[in-house]
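Chemist: The structure that follows is given in the form of structure tokens.
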Amino acid sequence: MIIGNGFLAHNFSHYLNDRGVIFFVSGVSDSNEICESEFIREEQLLIESISKMNNELFVYFSSCYVTDKDMLNIQYYHHKENMETIIESSVLNYIIFRLPQVVGNGGNKNNLINFLFRHIKNGKKFVLFKKATRNLIDVSNVVNIVDFIISNGMYKNRIINIASNNNVSMMELVDIIESIVDKKALFSLENRGKNITIDVSEISEIIKKLKIEFDNGQVNYMLRRYHKRQG
């Protein structure tokens, strides 16, 4: 069963008629969201969905960045932490998957990758933090890892990070997109930002079994494929 109709709902549509699993993917998708009513809407729908459960496996997608103290000052990440707490305290059979920046067709138009492609292609200036890194993962890899975990009955009542084991710097990311669109980015560089390390040790063996590669070459390939499909 799928609750939601957005980016992740589309990619997990093969669970639509699975009565043993509930994917709750109707949450706030924009990390820059500040409208309180949007957070309340998700919380109310979450509580309502939980109240109708029997013994299905409840799957929720949170953010890897809720563990970073600085991020919890942002309303979106504080909200995600609250949703995790509700699930942990009221659901008997669940898995919470924490995700970084997920790349794929149909993602939020305001996400980082869409922002960078749009600004570089259109010659719009933006601010680039020199010390910042980002963790990017292809949505197809997220699906494959989640499918593996569910089909093997792993990590019940756990919170699991699904992310790349390779962070890419914002400078490298801009270089990659410049090469894809064949256009130089217009940005002002600030000596700011941080590298947030995500622990993926829980899925390291799964990554090996599925033969998933995480490096800058893979990021380049992923973004080129994404851009080609976007047209």
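The values are calculated or read from the model by the stated rules, or taken from the named source; none is laboratory data. Just so it is clear, the structure is predicted and the values come from calculations on it, not from any experiment. Positions of Cβ are generated from backbone atoms using ideal geometry, with glycine treated the same way; all protein chains shown enter the neighbour counts.
Chemist: Within the stretch 186-193, does at least one residue satisfy the condition of being closer than 30 Å to F58 by Cβ, charged (D, E, K, R), loosely packed, with under 13 Cβ neighbours inside 10 Å and touching a Phe, Trp or Tyr at 6+ places or on another chain (Cβ under 9 Å)?
Modeler: Quick first cut of the stretch 186-193, residues closer than 30 Å to F58 by Cβ only: none.
Taking every residue of the stretch 186-193 in turn, none turns out to be closer than 30 Å to F58 by Cβ, charged (D, E, K, R), loosely packed, with under 13 Cβ neighbours inside 10 Å and touching a Phe, Trp or Tyr at 6+ places or on another chain (Cβ under 9 Å).
Chemist: So which residues in the stretch 3-47 are closer than 26 Å to H78 by Cβ and β-branched (V, I, T)?
Modeler: I3, I22, V25, V28, I34, I40, I47
Chemist: Do we have any residue at all in the stretch 17-24 that's surrounded by 17 or more Cβ atoms within 10 Å (Cβ to Cβ), outside any strand (DSSP E or B) and in contact (Cβ under 8 Å) with a residue 24 or more places away in the chain?
Modeler: Scanning the stretch 17-24, I find no residue that is surrounded by 17 or more Cβ atoms within 10 Å (Cβ to Cβ), outside any strand (DSSP E or B) and in contact (Cβ under 8 Å) with a residue 24 or more places away in the chain, so the answer is no.
Chemist: Here's another thing I want to ask about it. If I ask for residues that are assigned to a loop (DSSP other than H, G, I, E, B) and crowded, with 19+ Cβ neighbours inside 10 Å, which ones from the stretch 136-163 would you list? Quick ask: steps written out before the conclusion?
Modeler: First, the residues of the stretch 136-163 that are assigned to a loop (DSSP other than H, G, I, E, B): 152-157, 162-163.
I162, A163, listed by residue number.
Chemist: Considering (1) out of contact with any Ser or Thr (no Cβ under 9 Å at 6 or more places or on another chain); (2) buried (at least 17 other Cβ atoms within 10 Å of the Cβ); (3) small (G, A, S), say which one A132 fails and leave the rest.
Modeler: For A132, the failing item is (1).
Chemist: Tell me, please, whether a residue that is modelled with pLDDT of 95 or more, loosely packed, with under 14 Cβ neighbours inside 10 Å and not assigned by TED's automatic domain parsing to the domain that holds L8 can be found in the stretch 215-227. Before you say what the answer is, go through the steps one by one.
Modeler: Step one: of the stretch 215-227, the residues modelled with pLDDT of 95 or more are none.
Within the stretch 215-227, not a single residue is modelled with pLDDT of 95 or more, loosely packed, with under 14 Cβ neighbours inside 10 Å and not assigned by TED's automatic domain parsing to the domain that holds L8.
Chemist: Step by step: first the residues of the stretch 25-63, then only those that are under 17 Å from E84 (Cβ atoms), over 14 Å from the mean Cα position of the chain (by Cα) and of a type in the set (S, T, N, Q), then the one that is surrounded by the most Cβ atoms within 10 Å (Cβ to Cβ). Which residue is that?
Modeler: Only one residue tops the list, namely S49.
Chemist: Inspect all residues belonging to the stretch 186-196 and state whether any of them is of a type outside the set (A, V, I, L, M), farther than 13 Å from P100 by Cβ and part of a helix (DSSP H, G or I). Show your work before the answer.
Modeler: The first filter runs over the stretch 186-196 and keeps only residues of a type outside the set (A, V, I, L, M), leaving 187-188, 190-195.
Imposing the further condition that a residue be farther than 13 Å from P100 by Cβ reduces the set to 187-188, 190-194.
Those left that are additionally part of a helix (DSSP H, G or I): none.
For the stretch 186-196, residues of a type outside the set (A, V, I, L, M), farther than 13 Å from P100 by Cβ and part of a helix (DSSP H, G or I): absent.
Chemist: Would you be able to say whether some residue in the stretch 79-92 is under 21 Å from N141 (Cα atoms), touching a residue at least 60 places away in the same chain (Cβ under 8 Å) and among the charged types (D, E, K, R)? I'd like the intermediate steps shown before the answer.
Modeler: Looking only at the stretch 79-92, we keep the residues that are under 21 Å from N141 (Cα atoms), and these are none.
Within the stretch 79-92, none of the residues are under 21 Å from N141 (Cα atoms), touching a residue at least 60 places away in the same chain (Cβ under 8 Å) and among the charged types (D, E, K, R).
Chemist: Residues Q75, Q101: which one is surrounded by fewer than 21 Cβ atoms within 10 Å (Cβ to Cβ) and out of contact with any Lys or Arg (no Cβ under 8 Å at 6 or more places or on another chain)? Explain how you work it out, then say what you get.
Modeler: Working: Q101 fails: out of contact with any Lys or Arg (no Cβ under 8 Å at 6 or more places or on another chain).
Exactly one residue qualifies, and that residue is Q75.
Chemist: Now a separate question. Yes or no: L8 in the same structural domain as E84 (by TED's automatic domain parsing), crowded, with 19+ Cβ neighbours inside 10 Å, at pLDDT below 95 and outside any loop (DSSP other than H, G, I, E, B)?
Modeler: Considered against the rule, which asks whether it is in the same structural domain as E84 (by TED's automatic domain parsing), crowded, with 19+ Cβ neighbours inside 10 Å, at pLDDT below 95 and outside any loop (DSSP other than H, G, I, E, B), L8 comes out as yes.
Chemist: For the stretch 127-171, give me the residue count where each residue is free of Cβ contacts under 8 Å to residues at least 40 places away in the same chain and closer than 25 Å to E190 by Cβ.
Modeler: Residues that pass the stated criteria total 3.
Chemist: I need the full set of residues from the stretch 25-47 which are in contact (Cβ under 8 Å) with a residue 24 or more places away in the chain and among the β-branched types (V, I, T), in order please.
Modeler: Listed by number, the residues that qualify are V25, V28, I34, I47.
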